[in-house]
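In what follows, a structure is listed as structure tokens, so that the remarks can point back to it.
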Ligand SMILES: Cc1cc2nc3c(=O)[nH]c(=O)nc-3n(C[C@H](O)[C@H](O)[C@H](O)COP(=O)(O)O)c2cc1C
């Protein structure tokens, strides 16, 4: 199969598997422990069905959405993913460019290989920056200062990584640094000569450019990666680092990795402008619910006090439509975008975005939506409570801002 023959995101994944050695493909594809959360992310979409409405003029329809005060062409974007340069040199900038071409947000990971400075030079309107709390908080705060100086529009702080999940595929494959060229790895490399050539031509393990300034002058890629490894994860971090980031950053701030409604409320009480429901694509806590399972619960808990976005498991245009009906303003794609860029560079990433845009457009046509503002409970059937509009959004004024989450709210997560 060639890129132009790919018709859905499963095809893109197949192309990536053919392009990458197993050790690299599994790093992207895998989850944590027994990969139950990974499956649950997909299964969660089956609880909901979309209810079509016909004889509505849907000749002209658009997907425009306003996120944190700026317009984007569709209600989806690209989630942050570290070490993209390992899968293809320059991958971060290819993702940044593809997103800019489609006028979609791209969250650059602070663990990327290309720098935020380079991404902002290429795609200043659509590049957001994602940061982690680091053991030395000065690094986190310096990244915030760099983002501010560059005019980054939105800052995203990921909070779901106090410890690194047990990624069993990586352990089995011997994914570690420095990369050991075992006979198995060499064999995988020989069967993927394109990847191997590009990897070796770039001198092996790629530099994490965002982190270079924090390492000793002249530090090589391994030394910078070692520094990153000593600074993250930072298990002692608490909401106080989030409060410090809030103080240092006057633009829109999103908390990524929220699964508990009480955490969503805490984030907002500390000044978050946005909450991103995410279980890190099933890569952190294997017993976590699916991301979509928690979306309506968190929407209720926030009652419109912050913009709600989501990722984890989005593979179809209909998945995005369901999230919009449940209260999200946009959904983000992780692995599919990385598979696209690994398989075919910027063209591969663009193909993923194009497929999603087309699928969403077709679904909107079926639902009688002329724009994404038409999304709502009336278009959704919850198979656990099968009546249209079963979950009417609560009026903001009925919600006490300080309402504690009670057992009833949590039960709604099913
Ligand atoms: C290869 C890879 C690297 C990732 N790196 C980061 C990261 O640096 N920061 C972060 O917040 N999330 C990271 N994530 C999680 C994604 O941002 C996102 O939450 C997840 O991939 C979404 O699920 P999906 O892959 O099912 O779409 C990473 C995910 C993958 C697959």
- Can you name every residue in the stretch 311-323 that is in a loop (DSSP other than H, G, I, E, B) and either more than 12 Å from the ligand (Cβ to nearest atom) or surrounded by fewer than 24 Cβ atoms within 10 Å (Cβ to Cβ) (or both)? 315, 316
- Counting just the residues of the stretch 262-310 that are assigned to a loop (DSSP other than H, G, I, E, B) and away from the ligand (no atom under 16 Å from the Cβ), which one comes out nearest to residue 252 (Cα to Cα)? 273
- Query: When you look at residue 152, is it at pLDDT 95 or above and within 18 Å of residue 257 (Cβ to Cβ), yes or no?
  - Reply: no
- Item | Odd one out for residue 323 among (1) at negative phi; (2) touching a helix residue (DSSP H, G or I) at 6+ places or on another chain (Cβ under 9 Å); (3) at pLDDT below 95 | (3)
- Item | Check on residue 347, within 23 Å of residue 196 (Cβ to Cβ), within 16 Å of the ligand (Cβ to nearest atom), over 17 Å from the mean Cα position of the chain (by Cα) and at pLDDT 95 or above | no
- Item | Considering residues of the stretch 122-153 that are buried (at least 24 other Cβ atoms within 10 Å of the Cβ) and more than 23 Å from residue 230 (Cβ to Cβ) only, the residue nearest to the ligand (Cβ to nearest atom) | 128
- Query: For the stretch 327-366, how many residues are more than 12 Å from residue 317 (Cα to Cα) and touching a strand residue (DSSP E or B) at 6+ places or on another chain (Cβ under 7 Å)?
  - Reply: 5
- Residue among 111, 119 that alone is at pLDDT 95 or above and either at positive phi or near the ligand (Cβ under 10 Å from one of its atoms) (or both): 111
- The number of residues in the stretch 129-165 that are in a strand (DSSP E or B) and in contact with a helix residue (DSSP H, G or I) (Cβ under 9 Å, 6 or more places away or on another chain) is 5
- Note on the structure: Those residues of the stretch 79-108 which are within 11 Å of the ligand (Cβ to nearest atom), over 16 Å from residue 228 (Cα atoms) and out of contact with any helix residue (DSSP H, G or I) (no Cβ under 7 Å at 6 or more places or on another chain) amount to 79, 80, 107
- In the stretch 324-339, how many residues are within 12 Å of the ligand (Cβ to nearest atom) and assigned to a helix (DSSP H, G or I)? 5
- What do you reckon, is residue 357 closer than 29 Å to residue 195 by Cβ, within 13 Å of the ligand (Cβ to nearest atom) and modelled with pLDDT of 95 or more? no
- Could you grab me the full set of residues in the stretch 198-222 that are part of a helix (DSSP H, G or I) and farther than 14 Å from residue 24 by Cβ? 201, 209, 210, 211, 212, 213, 214, 221, 222
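The values are calculated or read from the model by the stated rules, or taken from the named source; none is laboratory data. Owing to the predicted nature of the structure, the values given are computational and were not obtained by experimental measurement. Methodologically, a virtual Cβ is constructed for each residue, glycine included, from the backbone with ideal geometry; neighbour enumeration extends over all protein chains shown.
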